[in-house]
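The values are calculated or read from the model by the stated rules, or taken from the named source; none is laboratory data. Quantities reported herein were computed from a predicted structural model and do not represent experimental measurements. Cβ: placed from backbone, ideal geometry, glycine included. Neighbour counts: every protein chain shown.
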Amino acid sequence: GKTSTFSNRGMTGFYIGASPAQLRVYDKREEMKRMKQDVEGLPRIFTRVEWQLRHRKCPVTLFSELSGLLDVDPFEDIEILGPSEPYDFHNDPKGSRNRFLFNKLSEELSAQEAARILNVDRNFKRDFVPFLLNGEEIKRQLQESYLDGVRRFFDNQPQAYFGDGATNGEIQ
């Protein structure tokens, strides 16, 4: 898939995909500061996650179909890759070597490009996936946040700030 990063006037983040289906993740606090909005009560780390569905990717074409957004899992096809735990070359040489190799390639290129390179013999899932983080848990958290935001929309509730600094629809 297509990925890109951006940095503009202090706002940083990244995109995954492109229209009509795009995930945007960025520093909401920096964006608000740039727009001269008060950020005093916000946590120091305040990340905004947005999922944009347009045209044929959007399950809603009529206002009467808005409730269909509750049945959407926009994160279903996202693959999240990254090393899962620290290296332990003494007790787990193979796993540590694979994590190290994947991590270094990811730093130089990207996680998806690292996976493509390491899958040259079609054994990436067998040789590397057991040593990578559990992307399913991250996807579950993203989906929960998405559904919470959609439910608040239907309940006509304003965005709420929670004790841990997270907000509805936003993940830190």
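Data table
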quantity	calculated
Residues (loosely packed, with under 13 Cβ neighbours inside 10 Å and either among the small types (G, A, S) or more than 13 Å from L23 (Cβ to Cβ) (or both)) located in region 71-83	D71
Which listed residue, of P130, P86, P93, is of a type outside the set (S, T, N, Q), touching a residue at least 12 places away in the same chain (Cβ under 8 Å) and surrounded by fewer than 13 Cβ atoms within 10 Å (Cβ to Cβ)	P130
Filter pass, L101 being among the aliphatic types (A, V, I, L, M) and over 20 Å from the mean Cα position of the chain (by Cα)	yes
Sole exception among (1) surrounded by 12 or more Cβ atoms within 10 Å (Cβ to Cβ); (2) at pLDDT 85 or above for L142, by number	(2)
Qualifying residues in region 104-126 (those that are buried (at least 16 other Cβ atoms within 10 Å of the Cβ) and touching a residue at least 12 places away in the same chain (Cβ under 8 Å)) - the one farthest from F14 (Cα to Cα)	L118
Filtered residue count, region 21-56, keeping only those that are under 20 Å from the mean Cα position of the chain (by Cα) and either surrounded by 15 or more Cβ atoms within 10 Å (Cβ to Cβ) or at pLDDT 80 or above (or both)	22
Check on G82, modelled with pLDDT under 85, touching a helix residue (DSSP H, G or I) at 6+ places or on another chain (Cβ under 7 Å) and over 25 Å from G13 (Cβ atoms)	no
Of residues in region 57-70 being of a type in the set (A, V, I, L, M, F, W, C) and part of a loop (DSSP other than H, G, I, E, B), the one modelled with the lowest pLDDT	C58
